[in-house]
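The values are calculated or read from the model by the stated rules, or taken from the named source; none is laboratory data. What you see is a predicted model; the values in this text were computed from it and never measured. Neighbour counts run over all protein chains shown; Cβ positions are idealised from the backbone, glycine included. Surface areas here come from the heavy atoms of the whole protein model, side chains and all, with no ligands, DNA or RNA. Shrake-Rupley method; radii C 1.70, N 1.55, O 1.52, S 1.80 Å.
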Amino acid sequence: MQGAIARVCVVVAAAILNHPLLFPQENTTLPEQDEELMARMREHEERLEMEQAKLERELSQQDAKQEEPSSEGDYSWYFWSTVSFIILFIIEMGRVDHADTEIRPAEDEYICSESGSITPRTMVLDKDILSNFCDKCTYTSAHENWRVREFVEGFADDLLESLRSVCDREADMEVGDFVGIGSMFESWKVCKPLMCDLIVPFSPPDPYSFQFHLWCSQNSDIPPDMQGCGKIKVSGFGENEEGCLCGSANLGEDMLCLLHSRNEAIKVDLSPDELLCSRNTPFLAKDQVMKWFQISVTKAWGRISHKYDFEVTFRNLDSAGALKIRFRSGKVIVMNIIPVVQLEDTDAYFVSHFPSDCGSSPDPHWPLSFAVYERNLLKHFTKRLPQNSCHLHCLQIVTFLHRKQTGLTGKCALTNYHLKTALLHLLLRKRPSVWGTESMEHRLRDVLSLLQRSLQEKRLHHVLIGNSKVPEEVQVPDIIRKAEPINLFRSLVLQTELYAATARHFQEMLRNAPVLIQEYTPHLSNGGLHHSLDDSL
């Protein structure tokens, strides 16, 4: 009788503990997107049911063998079975709680903030104002950006063709065709001035070639603070076993080269300075490259300036190819023509400098840009998102707010590249169906929440380096996909004052966001625009 009572108690306890209504808070607050968490809970429930059925079978077998409980060992068996079940249940619930804590930060819903600080979830955003803001960006800015891109591409072709004509083909670097990158070519540019970023690959003259040493290569000597960088070694044929020595050694008049005839011109060795290398090293120097490129661009413009009816000046003498085009009407277009080195046969490029980079890496370390892959990733999402998706609108709003707040409080560590990285991370995490135009307010809060959490943790990983979630059709090189993730906020960990200034900047941006969006949004009244976004920017 007592054994039967113990068995009933165990079964009832299992049924009660296994009932979903025992945990109403967890179940009722789970967002619809937590499919993984729901699957884990269903698996946990099935496991408990199996353990319950197994325990019932064992109890039934034990009662069948013994018609009456007569010994103290029988009761101890029931007791320890009950204790084992309770321990098993506590362990399983601990696993579910741990899984829940792992998923919650990914949804950016539970962000710890200081008392009195504002969070993206508490911001007051008007859907109509957001919609008007995005309509102005889409219909006005998009049309103007298209005309600017068309002009810039034609002018860049003409300028680079002139540049090739002024270069010495025997000694100077060979210049390739430009590639458009950045917000203007990714269709999310919103703020003036109209700026276009163009990268221009170059390669060494024959018989020289580039050899690359990446930070993620085996036996790399790149320091930890230069993650994401590499060194470019300029090598000649004489340095390789398969190369010919006739161009680098004096063989005498009586010696013949079996690879080259007497009539074939022999390349004369160039000095490291002529090959734009760092002093006393075979590694390519960014400073030398930028000097060479700036001189070449100046000469190239001098040859074609008579064809154009506008003025071209260098905006920044420290940045090669930073041009400002001013028309007679007063309109200004900014161009950043950046000399780069292509990483083998990939779409990754070593860049001499970034237009928004305040402190570039020292020579001979070159930062590696994946701008082309990031543009391809955005195109990949565009094909799968709803027709009128809001992802670019969210990025436009955030970059607009960041720019306006920078004008109020000054520059900080936060850049537009960080904003785009946060958006790409969210695009990889969330289903395409949640990016419809009706969800713009929620997705905007998601982007800001991810940025806020990343600033609090001082950690924002590069979206492509070491990220297995990137679709294979983007074709990120394996060595980059398998590398260790890189923290773009590493400088915030090392510099406390910079982190404090960046955190204040972001908090003020959140606080001012509703006012800034409303102030620079066109208000329709009596068929006219009272305030123009373009005029204000």
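Assorted remarks:
- Neighbours by Cβ (under 9 Å, 6+ apart or cross-chain): first from the range 219-236, farther than 21 Å from residue 482 by Cβ and surrounded by fewer than 16 Cβ atoms within 10 Å (Cβ to Cβ); second modelled with pLDDT under 85 and aromatic (Phe, Trp, Tyr): none
- Criterion: farther than 30 Å from residue 421 by Cα and surrounded by fewer than 17 Cβ atoms within 10 Å (Cβ to Cβ) - qualifying residue of 172, 158: 158
- One residue stands out among those in the range 181-240 that are acidic (Asp, Glu) and in a loop (DSSP other than H, G, I, E, B): the one that is modelled with the highest pLDDT, which is 221.
- Number of positions in the range 175-213 that are surrounded by fewer than 17 Cβ atoms within 10 Å (Cβ to Cβ) and acidic (Asp, Glu): 2
- Looking across the range 425-436, the residues that are closer than 22 Å to residue 131 by Cα and free of Cβ contacts under 8 Å to residues at least 60 places away in the same chain come down to 426, 427, 432, 433, 435, 436.
Condition check ((1) modelled with pLDDT of 90 or more; (2) of a type outside the set (A, V, I, L, M)) across all residues:
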{"site": "304", "(1), (2)": "yes, no"}
{"site": "308", "(1), (2)": "yes, yes"}
{"site": "317", "(1), (2)": "no, no"}
{"site": "333", "(1), (2)": "yes, no"}
{"site": "339", "(1), (2)": "yes, yes"}
{"site": "343", "(1), (2)": "yes, no"}
{"site": "346", "(1), (2)": "yes, yes"}
{"site": "352", "(1), (2)": "no, yes"}
{"site": "355", "(1), (2)": "no, yes"}
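- Yes/no for residue 255 being surrounded by 13 or more Cβ atoms within 10 Å (Cβ to Cβ) and either within 17 Å of residue 350 (Cβ to Cβ) or modelled with pLDDT under 80 (or both): no
- Residue check for residue 399: touching a His at 6+ places or on another chain (Cβ under 9 Å), under 30 Å from residue 519 (Cβ atoms) and not in a strand (DSSP E or B): no
- Test: residue 422 is at pLDDT 95 or above and either open to solvent by 20 Å² or more (accessible area, probe 1.4 Å) or under 16 Å from the mean Cα position of the chain (by Cα) (or both): yes
- Note on the range 273-287: among residues that are under 29 Å from the mean Cα position of the chain (by Cα) and more than 12 Å from residue 233 (Cα to Cα), the one that is most open to solvent (accessible area, probe 1.4 Å) is 287.
- Some residue of the range 384-392 being surrounded by fewer than 18 Cβ atoms within 10 Å (Cβ to Cβ) and farther than 23 Å from residue 145 by Cβ: yes
- Scan of the range 330-353 for residues that are open to solvent by less than 10 Å² (accessible area, probe 1.4 Å), part of a strand (DSSP E or B) and polar (S, T, N, Q), ordered by number: 336
- Residues in the range 455-502 that are part of a helix (DSSP H, G or I) and touching a Ser or Thr at 6+ places or on another chain (Cβ under 9 Å): 9 in all.
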